[in-house]
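The values are calculated or read from the model by the stated rules, or taken from the named source; none is laboratory data. Since the model is a prediction, treat every value here as computed from it, not as a measurement. For neighbour counting, all protein chains shown are included, and Cβ atoms are generated from backbone atoms with ideal geometry for every residue, glycine included.
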Amino acid sequence: MTSPERIDQVIPAIVEHDGVSNHTFAAQRLLVEMGFESEIFARIVGPGCAGRVRPIDELPDLGEKRQWLLYQSSIGSPAAEVFARHSGRKLIDYHNITPAELVERWIPPLGEEARLGRRQLAELAPLVVAGFADSAYNATELGHAGVARTRVVPVLVETANVEAAPDPEVLARLVAAKGGGGSDWLFVGQLAPHKAQHDVVKALACYRAAYDPAVRLHLVGREMGSAYRDALQRYVASLGLAAAVDLPGSVPAAVLAAYYAAADVFVCCSDHEGFCAPVVEAMHRRVPVVANDVAALPETVGEGGLLLDGKDPVLVAAAVHEVLTTPGAREALVEAGQSQAARYSLEAARAAFRDGIREELAVAG
Amino acid sequence: MASGSPSPAGLRAAAAAEARRLRSSGTVTEAFERDLDARFEEAAVRALRVPALAERSARLRRAAKRVVPDKARPPLRRLVRLGDQIVREVFALAESRRRRT
C-alpha cells in the first residue's frame, strides 16, 4: 500500500480550552507538516472552532488507499458510527472514557454517552489497525477492548498553556491577596463530579482547621453540567468558604498562566483521569503537585510530585502542609516536576506521534 | 531530585504521620469530618432536586400525551393542557424557591 494522500481526523465534539480538542488541532498541524492533507470532522463544533473544523457529514470517502482516518475517542457519539462505516484505513487515538457511574448521578445523559462510548470502543476495536493512547493506562484499556497494536503517544499539550505570559492584572490581584497571608491552592480541570473538586474543598477545610484559616483555593475550569457546579457552590457557602474559594470558570491562557504563577501548590483529588494535562502544565510552571494515586495519575505524576495513597482530606491537608513547610520540599518537588514534565514536552509528544504514523505507514507497506 | 532533598517517599511518610497526629490530637475530629461529608451530601441533594423535578414533570407530560392523544376530544385536551400548565407552575415555583435559598 502506498502512502495515503489524506489522514483526516474524526471527533465527536470539539471546543476551545479542552485537552482532547487541543490535541486534535496539534495533531492536524503535525500531519500537515508530514505532508498529508488533513482536516478535522466533528459532530459538534463549539464556538471559536468554526472555520477550523468541518461538520462530520462533509467527511469525504476516498477509499483505503487514498485516505486514512484517526478517530479521537473520549465519549460515545454517532460520530463513531460514521467512522466505522468509512472505507478508509482506521486508527484510533484513545483518551479514556470516564466511567459512567462517576457522572450519571449528576448528568444522566453523560452517563449514557459514557456507556455508549465503552460499547463503541469494543465495536471499533476490530475495525482499527492500531491505537494511540495518551498513557500506558489508556493503552492497557485499548488492549483489553481488543485493539491489537497500541502505542503510547502523550497528549500534545497546548503550548499556550505552558508558554503564555501571565495576565498582569490577574497576577497583580492574586499577588495582592497574598499580602493578607495564606497560601494559594490550585486545581485546573472541568468542574465535574469525577474531578471531585468537592474533595479538594474538604481538604482545604481540614487545612484551615489545622494550620491556616487564610488559605485560598482556585478551581479553574468550565462547568460540566450546572448541578455539580451548583452543589459545589452550595457546599463552599455552607462551610463559610465563599471568600476563600474562587471559581473563575474557563479562562484564557494568559489568565491561566497568572493562576499558575500565583499558586503555591497544585492539588488533584480526581476519581478518574485518563492523563491530566494540567498536572504537566503545573510542573512546567514550577508548581509542586500533590495528587491521589488513581487511574493514570501515578503515570502522569510519576516521581515529579507527591502521590498520595488515596484522598483522605486530612492526609491531603497534611501533605500540602509538608510540602509548604518542610525545608527544601517545595524546591525538590518543583525540580522533580520539571524533569517529569520534560517527558511530556510538546516536542517529545510530537516525536511519538510522528513515529506512530510512520510505523503505521511501514506496516501498511 | 538532589541528594539530601526530601524525597516523595519521605514526604508521603511524613504526611501520613502528620495526618495521624491531627486526628489523635483532636485537631481534626471525627465529628468535623462527618460534618464535611454530610454538608456535601446535603448540597448535592439540593442541587439535584430541581433537575430531578424537571425530569419528573417532563415524564408526566409525556405520559399525559400518551394517555390523551392530540386527537382526543377538546375537553380532554384542555384538561391535559391545564395539567401541563400546573406542572410548569409547580416547577417554576420550586425553581424560584431554589434561587431564593
For the range A:340-365, which positions are in contact (Cβ under 8 Å) with a residue 24 or more places away in the chain and over 18 Å from residue A:155 (Cβ atoms)?
A:359, A:360, A:361, A:363, A:364, A:365
Would you pick out the residues in the range A:200-241 that are assigned to a helix (DSSP H, G or I), under 20 Å from the mean Cα position of the chain (by Cα) and farther than 16 Å from residue B:47 by Cβ?
A:200
Condition broken by residue A:171, with the remaining ones in (1) within 20 Å of residue A:292 (Cα to Cα); (2) modelled with pLDDT of 95 or more satisfied:
(1)
Here are the criteria: (1) touching a helix residue (DSSP H, G or I) at 6+ places or on another chain (Cβ under 6 Å); (2) outside any strand (DSSP E or B); (3) at pLDDT 95 or above; (4) within 19 Å of residue A:20 (Cβ to Cβ). Tell me which single one residue A:122 does not satisfy.
(4)
Residue A:170 vs. criteria assigned to a helix (DSSP H, G or I), touching a helix residue (DSSP H, G or I) at 6+ places or on another chain (Cβ under 6 Å) and buried (at least 17 other Cβ atoms within 10 Å of the Cβ):
yes
Can you confirm whether residue B:30 is more than 10 Å from chain A (Cβ to nearest Cβ), within 27 Å of the chain's Cα centre (by Cα) and modelled with pLDDT of 65 or more?
yes
Members of the range A:141-162 that are part of a helix (DSSP H, G or I) and either surrounded by fewer than 13 Cβ atoms within 10 Å (Cβ to Cβ) or touching a residue at least 40 places away in the same chain (Cβ under 8 Å) (or both):
A:141, A:142, A:144, A:159, A:160, A:161, A:162
Can we say residue A:226 is more than 13 Å from chain B (Cβ to nearest Cβ) and not aliphatic (A, V, I, L, M)?
no
Selection status of residue A:77, of a type in the set (Ser, Thr, Tyr), in contact with a Pro (Cβ under 6 Å, 6 or more places away or on another chain) and crowded, with 18+ Cβ neighbours inside 10 Å:
yes
Against the condition of a type outside the set (Lys, Arg) and modelled with pLDDT of 95 or more, how does residue A:275 come out, does it pass?
no
Yes or no: residue A:328 surrounded by fewer than 24 Cβ atoms within 10 Å (Cβ to Cβ), facing chain B (nearest Cβ under 10 Å), within 22 Å of residue A:275 (Cβ to Cβ) and not hydroxyl-bearing (Ser, Thr, Tyr)?
no
What helices (runs of 4 or more DSSP H), lying completely within the range A:274-342, carry at least 3 residues that are closer than 26 Å to residue A:141 by Cβ and touching a Gly at 6+ places or on another chain (Cβ under 8 Å)?
A:277-284
Looking at the range A:227-245, is at least one residue buried (at least 19 other Cβ atoms within 10 Å of the Cβ), out of contact with any Leu (no Cβ under 7 Å at 6 or more places or on another chain), farther than 15 Å from residue A:161 by Cα and acidic (Asp, Glu)?
yes
Tally, over the range A:230-250, of residues that are touching a residue at least 24 places away in the same chain (Cβ under 8 Å), farther than 10 Å from residue A:190 by Cβ and more than 8 Å from chain B (Cβ to nearest Cβ):
8
